[in-house]
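Below: one structure, written as structure tokens.
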Amino acid sequence: LHAIKNYYDRLALEYDQDRFGGSYGQYLHRQEIEILENWLSGISPNDVLELGCGTGRFSGFAKTGVDFSEGMLSVARKRYPQNEFVQADIKDTGLPLAKFKAIICLHVLMHLDKNDFEGIWKEAHRLLQPDGLFIFDIPSARRGKLFRQNPKGWHGATSLFSKEVKDLNEGLFQKMKTEGVLFFPIHQLPNSMRNTFRSLDSLLGKTVFNQWSSYRFYCLRKL
């Protein structure tokens with residue numbers, strides 16, 4: 001975790017432009033926004049927490065954010081002074097019991113060891129109101145196995161099969177929805193073609209084919 005924190009502290013000022021300034025990043029960002037708009041419909045941002053909020057890219061959906069990188073939070077606080085940002089471990093936020101109607105956690109779990117997940121699931125359960133939603137993304141292990149991907153290091157190396165998510169949920173959450181993003185190898189397509197493929201990508205992500213998308217989004221409901 002120390003290496004991850006140092007990495008994002010150093011990258012903080014350039015993070016959004018580096019990751020989401022180009023057509024690849026915008027392709028992913030728009031798919032993510034569409035999912036959140038749909039799944040968080042009717043829930044006020046005041047009632048939503050983001051775990052691993054980084055520079056606050058999703059602050060329009062969540063008025064409270066937690067991250068362990070002071071560099072990333074410094075950027076977030078300048079951009080969104082009306083929001084609350086807390087520096088803490090997402091397994092132990094220190095926030096009040098049953099405070100939120102929904103929690104989002106995006107581009108976070110893929111960097112962590114699976115041994116951390118049980119603590120994150122328990123903290124999300126503690127923080128949510130009855131029937132609250134826990135929304136997260138994770139690389140698809142099924143796709144990784146299909147293409148024999150073998151990521152090295154911590155950056156995006158952790159993926160899950162559906163069965164592993166089910167095991168984590170036991171006694172805590174019920175799975176409500178799944179959706180996929182980045183079905184196509186978009187980095188291999190010319191920039192001029194990416195917008196055309198994005199709509200089809202989003203449609204496929206809503207079907208059974210989402211298990212072969214690069215990332216799967218899960219919407220869980222607190223038991």
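The values are calculated or read from the model by the stated rules, or taken from the named source; none is laboratory data. On a predicted model such as this, the values are computed, not experimentally measured, just so you know. Every residue, glycine as well, gets a Cβ built from its backbone with ideal geometry; the counts of neighbours run over all protein chains shown. Surface accessibility is based on the protein's heavy atoms, side chains included, excluding ligands, DNA and RNA. Shrake-Rupley method; radii C 1.70, N 1.55, O 1.52, S 1.80 Å.
Remarks
- Helices (runs of 4 or more DSSP H) wholly inside region 70-162 that include at least 3 residues being farther than 26 Å from LYS175 by Cβ and either touching a residue at least 24 places away in the same chain (Cβ under 8 Å) or of a type in the set (Ser, Thr, Tyr) (or both): 70-79
- Restricting region 1-54 to residues that are small (Gly, Ala, Ser) and closer than 19 Å to ILE138 by Cα, the residue that is surrounded by the most Cβ atoms within 10 Å (Cβ to Cβ): GLY54
- Residue pairs meeting the criteria (Cβ under 8 Å; at least 6 apart or on separate chains; first basic (Lys, Arg), in region 1-17; second open to solvent by less than 30 Å² (accessible area, probe 1.4 Å)): LYS5/SER69; ARG10/GLY71
- Within region 168-190, the residues that satisfy the criterion of being touching a residue at least 24 places away in the same chain (Cβ under 8 Å), part of a helix (DSSP H, G or I) and over 18 Å from the mean Cα position of the chain (by Cα) are ILE186, HIS187.
- Evaluated against (1) in a helix (DSSP H, G or I); (2) at pLDDT 95 or above, MET193 falls short on exactly one condition, (2).
- Of all residues in region 85-110, those being closer than 12 Å to THR55 by Cα and among the charged types (D, E, K, R) number 0.
- In the set (1) within 18 Å of TYR8 (Cβ to Cβ); (2) modelled with pLDDT of 95 or more; (3) open to solvent by 50 Å² or more (accessible area, probe 1.4 Å), GLY153 fails one condition alone, (2).
- Members of region 55-77 found to be open to solvent by 10 Å² or more (accessible area, probe 1.4 Å) and of a type outside the set (S, T, N, Q), listed by number: ARG57, GLY60, PHE61, LYS63, ASP67, PHE68, GLU70, GLY71, VAL75, ARG77
- Test result for PHE85, touching a helix residue (DSSP H, G or I) at 6+ places or on another chain (Cβ under 6 Å), closer than 19 Å to LEU13 by Cα and surrounded by 18 or more Cβ atoms within 10 Å (Cβ to Cβ): yes
- Residues considered: ILE104, ILE135. Of these, the only one that is closer than 20 Å to TYR8 by Cβ, β-branched (Val, Ile, Thr) and surrounded by 18 or more Cβ atoms within 10 Å (Cβ to Cβ) is ILE104.
- Residues (out of contact with any Ser or Thr (no Cβ under 7 Å at 6 or more places or on another chain) and either of a type in the set (Ser, Thr, Tyr) or modelled with pLDDT of 95 or more (or both)) located in region 128-143: LEU128, GLN129, PRO130, ASP131, GLY132, LEU133, PHE134, ILE135, PHE136, ASP137
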